[in-house]
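For reference, the structure is listed below as structure tokens.
The values are calculated or read from the model by the stated rules, or taken from the named source; none is laboratory data. The structure displayed is predicted, hence computed values, not measured ones. Note that each Cβ is placed from the backbone with ideal geometry, even for glycine, and that neighbours are counted across all protein chains shown. The area values use the complete protein model at the heavy-atom level, side chains included, leaving out ligands, DNA and RNA. Shrake-Rupley method; radii C 1.70, N 1.55, O 1.52, S 1.80 Å.
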Amino acid sequence: ERAVLFMDVRGFTAWSESRTPEEVLHLLNGYYRVAEQVLDRFETIKFKLSADEVMAVLPNAAVGVQTAEAMRLAAQGYLAPFGIAAGIGLHFGPVIEGVFGAEAVRFYDVLGDVVNTAKRIEGGAAAGEVLVSDALVRELEQQVRVGAARELAVKGKSAPVRVYPLLPQ
């Protein structure tokens, strides 16, 4: 079982549209540095950077919450001067992890519904918001502060996904 976090910049495409490639690169490199600095402080198992998205795999739900809150604060501080912000989704549950790929290209990764659902939860998060799954809240019981539950209708899921906004810890 792992916690899976996705963070994506809200308004990135619109922001990028009127910028030079060098300006976009500058923003992204700074964003990646900020994310990496946070992830280095926690027990991050793996992280990936892709365009304006960060994906991280954490060892458990508690570390996932700590990491998500630190990521929110760091991303807000970095992105605010650019007039944009990031949304974060965090889910917890069983994954398959290991080395995957073909003969020439192999990589360590995690797969499973938890990963896909974490990405969908992130898609429902507003700028500056961290949404956590019902499974994560149940795992931590009273150890996590969340707002009122809401249901997300997400692509590929037959039923809505119950999420909660993470309140400052």
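Where in segment 47-91 does the label zone of Ala104 land, with the point 7 angstrom along Cα→C-beta and an amide N cut-off under 17 Å?
none
Could you give the C-alpha radius of gyration of segment 41-109 expressed as a fraction of 2.2 N^0.38 Å, taking N as the number of residues it contains?
Relative to the 2.2 N^0.38 Å estimate, segment 41-109 comes out at 1.31.
For segment 75-169, give the percent of accessible area contributed by carbon and sulfur heavy atoms, probe 1.4 Å, rounded to a whole number.
Looking at segment 75-169 in its full context, I get 55 percent from C and S.
List, in the order given, every pair from Lys119/Lys157; Lys48/Lys157; Lys46/Lys119; Lys119/Lys155 whose Cα-Cα distance in the structure shown is over 18 Å.
Lys48/Lys157
If you count only protein heavy atoms with a 1.4 Å probe, what accessible area per residue comes out for segment 1-68, rounded to a whole Å²?
Each residue of segment 1-68 exposes 48 Å² on average to a 1.4 Å probe.
What's the extension gain from Arg41 to Glu23 if we count 0.36 nm per residue and subtract their Cα-Cα distance?
3.7 nm
With springs only between Cα atoms under 10 Å apart, run a GNM on the chain and tell me which of Arg19, Arg120, Arg106 wobbles the most.
Residue with maximal mean-square fluctuation among Arg19, Arg120, Arg106: Arg106.
Pick from Val65, Val130, Val38: which is most flexible by mean-square fluctuation in a GNM of the chain where alpha carbon atoms under 10 Å apart are linked?
Top of the fluctuation ranking is Val38.
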